[in-house]
1. Specify the residue that is surrounded by the most Cβ atoms within 10 Å (Cβ to Cβ); the eligible residues are those in segment B:37-50 that are within 9 Å of chain A (Cβ to nearest Cβ) and either at pLDDT below 95 or under 24 Å from B:F124 (Cα atoms) (or both).
2. Residues of segment B:11-32 being within 25 Å of B:D75 (Cα to Cα) and polar (S, T, N, Q), which ones?
3. In segment A:64-83, what residues are crowded, with 20+ Cβ neighbours inside 10 Å and either facing chain B (nearest Cβ under 9 Å) or of a type in the set (S, T, N, Q) (or both)?
4. If I ask for residues that are of a type outside the set (G, A, S), more than 11 Å from chain B (Cβ to nearest Cβ) and either in a loop (DSSP other than H, G, I, E, B) or without any contact (Cβ under 8 Å) to a residue 24 or more places away in the chain (or both), which ones from segment A:240-259 would you list?
5. Just the residues that are of a type in the set (K, R) and either surrounded by fewer than 16 Cβ atoms within 10 Å (Cβ to Cβ) or within 11 Å of ligand 2 (Cβ to nearest atom) (or both), please, taken from segment A:27-44.
6. Counting only residues that are more than 10 Å from chain A (Cβ to nearest Cβ), touching a strand residue (DSSP E or B) at 6+ places or on another chain (Cβ under 8 Å) and not in a loop (DSSP other than H, G, I, E, B), how many does segment B:1-36 have?
Amino acid sequence: MEVLKIATAGSVDDGKSTLIGRLLYDTKSLTDDKLEAIERNSKKKGYDYLDFSLATDGLVAEREQGITIDVAHIYFSTRKKSYIIADTPGHVEYTRNMVTGASQAQASIILIDARKGVIEQTYRHFFINNLLRVKHVIVAVNKMDLVDYDQSVFENIKTDFEKLNAQSSYAEQEVTFIPISALKGDNVAQKSDTMPWFKGESVLDYLEALKPGQEEHTAARFPVQTVIRPKQDEFHDYRGYAGKIYGSSLKVGDAVTVLPSLTSSKIKTIEFFDQKYDEAVAGSSVTITLEDDINITRGDVLVKSDEVPQSSKSLTAAVCWMDGKALVPGAKYEIQHNTNRILAKIDSVESVIATDYSGEDGSKNQLTLNEIGKVNFKLSKNLFYDTYAENKAGGSFILIDLQSNTTAGVGFIG
Amino acid sequence: MSTILKTNALESEAIYIFREVVAQFENPVLLFSGGKDSITLVRLAQKAFYPAKIPFPLLHVDTGHNFPETIEFRDKLVEELGLNLIVRHVQDAIDEGKVTEETGKYSSRNMLQTTTLLDAIEEFKFDACIGGARRDEEKARAKERIFSVRDDFGQWDEKNQRPELFDLLNGKIEIGQNVRVFPISNWTELDVWSYIEKEKIEIPSIYFSHKRKTFVRDGLIWSASKYVYREEDEEVLERIVRFRTVGDMTCTAAVESEADTIARIVSEIKTSTISERGARIDDKRSEAAMEKRKQQGYF
Ligand SMILES: Nc1nc2c(ncn2[C@@H]2O[C@H](COP(=O)(O)OP(=O)(O)OP(=O)(O)O)[C@@H](O)[C@H]2O)c(=O)[nH]1
Ligand SMILES: [Mg+2]
């Protein structure tokens, strides 16, 4: 069955978790025991309604404070699709967790509280969705029940948001607006008669009709994860390169070049478990053997010989910073790009990008937690890379802090 | 005729994760419970490294209160695939006085497993422990990363997890820390059963409908066994049951079921109105039972 990965976004208390809980409820995806737990705990909190956010806020601290701290992954399916939803936190302090959830998404639902309209976190999350190039965005104007389902409230927010959209760096992004009440279920799984003026679809109907399968086909990339060398006698000379194919398919007989050594060979076999195939599509985890015996290790990338990407010992990328320790010039980090890790030094912070689309500030020369900026890197080795717009896997990397080992930031090569 | 491999996205993701583990860690281990999820993991590991053998051992933390069927099954699987199995016993930790056996109506060795697990991690210096936990099982598990860092006390810092983006898994740790790895994070119970059906994977007989001596407590069906405390007024009856999830006897409840084939199990799950862990006695202890256990180093 088709799988659709979705992430929620929007400011604290805009109703993200409630929307997901409501979707589960309306699609009968909550089993009796889970529903009873929600009823019990809603009562305990003194509510006279069901608090659907309890379906996803799985940590004690989250339930105590009534906010989401980290991403919850929620699963449900309809007759048409399987959904994987990342319910992300709205609080600015947890932006890194929001980015974690959004990085996997094919579609994103940005919630806006109808009473508050477009606010700072709305900008920031939409900006992150532009940066990540999430193809489909639903802007759900929530809590319409609290503004008497008033059309003008919806239209005003829509107009405000469209002004942002006009400045987006990702013109191909498809943005749809839906007025909802997550709590009451209006326009969530069913069209509601409380808003007859709204002619569009419900959130679920929109998701059901999405066709995310058509990822743009780009150059094939095969980052080698590990080399398979069986110890059994019958496979004495066997050397298989294990990895996942990105971009587009690979075929037996394809002329390939190994990065970074630039040695060439031809694909001899494409194997998956005990079967051999003539061709494997993007997304497949396979084992590839080559005609020639060449030296290949983890971190190398096989590409088609007529699609060798650019390479350089320096790099400019948009970086989303996720560490408490600021990113400053001169600092060293390890870059993990595909399955490769190389040392990198921060050359300069070219600018901090305002996530409200008001422009770039070139005067700061550092990035602090949750800031996004343009950063220049010097690399210890030559790196072959794509731009993120061309190829998501080949154009993104994480920065690993050398002391704490944590993932301190994510880069998008421009 | 040309053959094109069209992959199952979940299977492909799990295999990718296994390969990252072997590439990024020196001393990984697969935590093997004998349940369907860990059996599925073994099949995925086989596929990830074929034609080489699975390049890490299996660790079973044995509470001593197992269903005999799962132990038989475990030993047969290990034998057939030529795997390296390590078993560590909760009984040893009890004998050494490291932990005390619970007593009373709800006594179970489930919590005690954590000590034995952490001791084994220290003994073998495991830096990555691969487990079959799934995010759809339980709300605290829904919060887990694929690579989840544990400090040298085995603790999960759930409010301060590492960001995890795209396919870029960061397994860098300090000595003494370890990473819990969950290759089938994104699988649902139904995904696992459908995979078992499609791949014709063998599973222990207790997953299929059978006759068993049982009693009912708190609306759950418990196995009557010398390991399970029972009050005098709790009447033992023979029922037709099966298990949906397999821990040890003291923490896993049965469900009444006639499903005696995988196909019937799949259709039963599709229409079930109770979640898989609805039959886990260990989760019923409190609203936050799983989160608390995880913080202390539980799988
Ligand atoms: N009246 C009304 N209240 C709503 C609606 N949606 C959500 N709420 C309430 O708004 C509050 C916050 O909802 P949540 O779903 O927890 O918000 P959130 O966006 O997930 O918040 P964070 O995850 O912390 O960013 C709760 O008290 C909800 O019951 C709605 O449509 N109408
Ligand atoms: Mg929330």
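The values are calculated or read from the model by the stated rules, or taken from the named source; none is laboratory data. Being a predicted model, the structure only gives us computed values, none of them experimental. Every residue, glycine as well, gets a Cβ built from its backbone with ideal geometry; the counts of neighbours run over all protein chains shown.
1. Start the filter on segment B:37-50 by keeping residues that are within 9 Å of chain A (Cβ to nearest Cβ), which leaves B:46-50.
Applying the additional criterion that residues be either at pLDDT below 95 or under 24 Å from B:F124 (Cα atoms) (or both) yields B:46, B:48-49.
Working: B:Q46: 18, B:A48: 28, B:F49: 22.
Top of the filtered list is B:A48.
2. Result: B:N27, single match.
3. Here is the first cut: in segment A:64-83, the residues crowded, with 20+ Cβ neighbours inside 10 Å are A:68-75, A:83.
Residues satisfying the conditions are A:T68, A:I69, A:D70, A:V71, A:A72, A:H73, A:I74, A:Y75.
4. The initial filter retains those residues of segment A:240-259 that are of a type outside the set (G, A, S), namely A:241, A:244-246, A:250-252, A:254, A:256-259.
Keeping just the survivors that are more than 11 Å from chain B (Cβ to nearest Cβ) gives A:254, A:256-259.
Scanning segment A:240-259 gives a single hit, A:D254.
5. Pass one, segment A:27-44, residues of a type in the set (K, R): A:28, A:34, A:40, A:43-44.
A:K28, A:R40, A:K43, A:K44, listed by residue number.
6. Restricting attention to segment B:1-36, the residues satisfying the condition of being more than 10 Å from chain A (Cβ to nearest Cβ) are B:25-36.
Restricting the remaining residues to those that are touching a strand residue (DSSP E or B) at 6+ places or on another chain (Cβ under 8 Å) gives B:25, B:27-34.
Filter again for not in a loop (DSSP other than H, G, I, E, B), leaving B:28-31.
Matching residues across segment B:1-36 total 4.
Yes/no matrix, rows are residues, columns are (1) more than 11 Å from ligand 2 (Cβ to nearest atom); (2) under 16 Å from the mean Cα position of the chain (by Cα); (3) over 17 Å from B:I146 (Cα atoms):
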{"residue": "A:G46", "(1), (2), (3)": "yes, no, yes"}
{"residue": "A:A55", "(1), (2), (3)": "no, no, yes"}
{"residue": "A:V60", "(1), (2), (3)": "yes, no, yes"}
{"residue": "A:I67", "(1), (2), (3)": "no, no, yes"}
{"residue": "A:D87", "(1), (2), (3)": "no, yes, no"}
{"residue": "A:H91", "(1), (2), (3)": "no, no, yes"}
{"residue": "A:R96", "(1), (2), (3)": "yes, yes, no"}
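Here is a yes/no grid of residues against (1) surrounded by 14 or more Cβ atoms within 10 Å (Cβ to Cβ); (2) hydrophobic (A, V, I, L, M, F, W, C):
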{"residue": "B:I86", "(1), (2)": "yes, yes"}
{"residue": "B:G97", "(1), (2)": "no, no"}
{"residue": "B:E101", "(1), (2)": "no, no"}
{"residue": "B:K105", "(1), (2)": "no, no"}
{"residue": "B:E123", "(1), (2)": "no, no"}
{"residue": "B:A142", "(1), (2)": "yes, yes"}
{"residue": "B:Q161", "(1), (2)": "yes, no"}
